[in-house]
Amino acid sequence: MLSGTLNVFAGGYIYTMMRTVKYKCPGDAIPPCIEVDLSSLDMGDKILLKDLKIGPGLSLVHTDSTLPVCKVMGSRTSGKTEVASTPAT
C-alpha cells in the first residue's frame, strides 16, 4: 500500500516497478499489507526493497535488496501549455 502525497504541481507520478514482494514468515504473522510512505520523496527518488519497513519475523526472499519497488517520475507531457487566441471583434 502506497501512502503519502506528492507535489502535484511538479507533475510527478509513481512508476511501480514491483507490485508484489515475497517474504518468509510464520503463517500466523502474515501482514495484511506493507505500507510505503512517499511523503518525503522528490522527483527521481526510489523506494528499494531494503527501504520497506517490515515487522519482526519477516525476511525478504529476494537476495538483492537493492531492487527498486517504485520511483517518482516526472510528467509524461512536455509541460508546455498552449493558449489559443481569438481575434477581437
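Does the range 42-64 contain at least one residue that is modelled with pLDDT under 85 and part of a strand (DSSP E or B)? Scanning the range 42-64 turns up no residue that is modelled with pLDDT under 85 and part of a strand (DSSP E or B). Each residue in the range 15-41 was checked for being outside any loop (DSSP other than H, G, I, E, B), at pLDDT below 85 and within 16 Å of LYS71 (Cβ to Cβ), and 2 pass.
The values are calculated or read from the model by the stated rules, or taken from the named source; none is laboratory data. Note that the structure is a prediction, hence the values are computed from the model and not measured. Glycine gets a Cβ as well: all are built from the backbone with ideal geometry, and neighbour counts include every protein chain shown.
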